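J.: Handing you this structure, nothing more for now.
Values in this text are rule-based calculations from the coordinates and carry no lab data. Worth saying up front: this structure is predicted, and the values here are computed from it rather than measured. No Cβ is skipped: glycine too gets one built from the backbone with ideal geometry, and neighbour counts run over all protein chains shown.
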Amino acid sequence: MQHGYEQLPQTGEQKVPKVSYLAQLREIQETIESKACQDIRFAQPLMTLNGVGIIYPNTISVIQGQKGVHKSRLTENLCAACVKMDANREFIGFKIAPLKRFHVVYGDTERNLNDQFPFAIQRIKELAGFDKTSRPNNLEAFSLIEIERTERFEAVKQYLDDVRQNHADEHVIVILDVITDCIGSFNDPKESMKLLDHLNMMINRYNVSFICVIHENPNSFGEGKARGHLGTELINKASTVISIGFDKGANGNSTDLIVLKFLHTRSVKKPEPHFLRYSEEARGLVLADADFIADQKSLKAEKAELGELKDWLLENMMGEISKTALLDQLTQYFGCTAKTVETRLKSLTDGETPFLGRKKNGKEVFFTLNAPF
């Protein structure tokens, strides 16, 4: 084989030139070496929390959590802060950098186009201080809900290329909610890496940052595992990873206190957990005061009420699970004894239409959800 050429196998056809990346790599080499000879000026954060940098320019940030923990409401507050562009105002504790112009692009994959997603955009406008009838020129939204999954990566790529060209003088903040629905399969390594490679290309070449929302695995139980192969690789690439969920009381039971945990911050020391609560009056998230935090943390655990147990099983039970594993997970979650859980499980496997199926395989007992519930 000669340099830059390869022989096509078993054909005897004429050698064809390989694609050469040498010029591109030499150009990158020169850029790196030139910058390494100068005083390095690190980027200032786009957004801070209690004076600590949280989101930086030209990075990928992640918001993760299980279903129903207000991931999208947290994202709406971050969007509103960027749309408002007021460095003196806080949004549940978050502040933007002064003298920064943002163009916010919110991409959704789950909510319907009739009321759910339009209402979310309306909330962002109102949080930012705009009337619901206004159309801020630095906020736009798109949805992939009507695009075939196999075509979604290409659709996202085309849309973002168009936004970037039309807003070259502003820092573009792109929200992908949820990112696992932006490709055909979030467990396909090839598709996952193709999407992440494109995000990395954009943050390195252009004035763009990404905030990616992703579900945690239902059975991760506080381990913070984002869903699928895409989730695993996304966390590896992210500069900031924020986990949102309900805090546990004195005996491990979920409370109404919402906690943000910073699982990873590449540029700074990880901030302390940040506490919020849902307010009916505000129809959204607000800061939790010291009294509310103390009250919620001191709550005693419920003893696995039957209705709560059913809700937990519907949301978290995936396929067949052994009795040993299920008892361990439920006792940890509800803060009660295995005997209490066994009593509740027995009531769910009895009767003419049992909620749970129960079978024995060797010495181990296994449970499954019955349908309809």
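J.: Pick from Phe42, Phe130, Phe94 the residue whose mean-square fluctuation is largest in a GNM of the chain, springs joining Cα atoms under 10 Å.
T.: Phe42
J.: Restricting attention to the range 327-373, which GluC sites (Glu not before Pro) occupy a DSSP loop and are surrounded by at most 16 other Cβ atoms within 10 Å?
T.: Sites meeting the loop and neighbour criteria: Glu352.
J.: List the residues whose amide H sits under 5 Å from the amide H of His103, counting only those 5 or more places along or on another chain, with H placed 1.01 Å from N in the peptide plane.
T.: The answer is His171, Val172, Ile173.
J.: Taking the range 22-81, which trypsin sites (Lys or Arg not before Pro) meet the DSSP loop condition and have no more than 16 other C-beta atoms within 10 Å?
T.: Qualifying residues, ordered by number: Arg41, Lys67.
J.: Still on this structure: Considering Cα pairs under 8 angstrom that are at least six residues apart, work out the relative contact order of the range 306-369 and quote it in whole percent.
T.: It rounds to 38 percent for the range 306-369.
J.: Order by neighbour count: Ser239, Ser20, Ser347, Ser143, fewest other Cβ atoms within 10 Å first, most last.
T.: Ser20, Ser347, Ser143, Ser239
J.: Can you tell me the dipole magnitude for the range 47-297 around its Cα centre, using point charges on the Cβ only (Lys, Arg +1; Asp, Glu -1), in Debye to the nearest 20?
T.: 620
J.: Using the structure shown, select from Lys71/Lys297; Lys297/Lys363; Lys194/Lys248; Lys261/Lys323; Lys35/Lys261 the pairs with a Cα to Cα distance greater than 28 angstrom.
T.: Checking Cα-Cα distances, Lys297/Lys363; Lys194/Lys248; Lys261/Lys323; Lys35/Lys261 exceed 28 Å.
J.: Give the shape of the range 306-369 as rounded, prolate or oblate, defined through the alpha-carbon gyration tensor: a ≥ b ≥ c are the square roots of its eigenvalues, a/c under 1.5 means rounded, and otherwise the shape is prolate if a/b is larger than b/c and oblate if not.
T.: rounded
J.: By counting other Cβ atoms within 10 Å of each Cβ, how are Tyr106, Tyr333 ranked from fewest to most?
T.: Fewest to most other Cβ atoms nearby, the residues stand as Tyr333, Tyr106.
J.: List every residue whose amide H lies under 5 Å from the amide H of Ser143, counting only residues 5 or more places away in sequence or on a different chain, with H placed 1.01 Å from N in the peptide plane.
T.: Asp108
J.: Normalised by the residues of the range 47-297, what does the relative contact order come to in percent, with Cα pairs under 8 Å and at least six apart?
T.: 24
J.: Apply the Karplus curve 6.51 cos²θ - 1.76 cosθ + 1.60, θ = phi - 60°, to the phi angles in the range 198-210 and return the couplings in whole Hz, x for Gly and Pro.
T.: Coupling constants for the range 198-210: 5, 4, 5, 4, 5, 6, 8, 9, 10, 8, 9, 10, 10 Hz.
J.: Same structure, new question: Amide H neighbours of Gly357 under 5 Å, counting only residues 5+ apart in sequence or on other chains, H built in-plane at 1.01 Å?
T.: Thr368, Leu369, Asn370
J.: First select every other residue whose beta carbon is under 15 angstrom from the beta carbon of Met202; then total the charges, Lys and Arg +1, Asp and Glu -1.
T.: Neighbourhood net charge equals 0.
J.: Add +1 for every Lys or Arg and -1 for every Asp or Glu among the other residues with Cβ under 12 Å from the Cβ of Phe292, and state the total.
T.: Around Phe292, the surrounding residues sum to -3.
J.: Rounded, prolate or oblate for the range 256-327? Axes are the square roots of the Cα gyration tensor eigenvalues, ordered a ≥ b ≥ c, and the cut-off for rounded is a/c under 1.5.
T.: Taking the square roots of the gyration eigenvalues as a ≥ b ≥ c, the range 256-327 is oblate.
J.: Report the net charge of residues surrounding Ser185, where surrounding means a beta-carbon distance below 10 angstrom and charges are Lys +1, Arg +1, Asp -1, Glu -1.
T.: Charge balance near Ser185 sits at 0.
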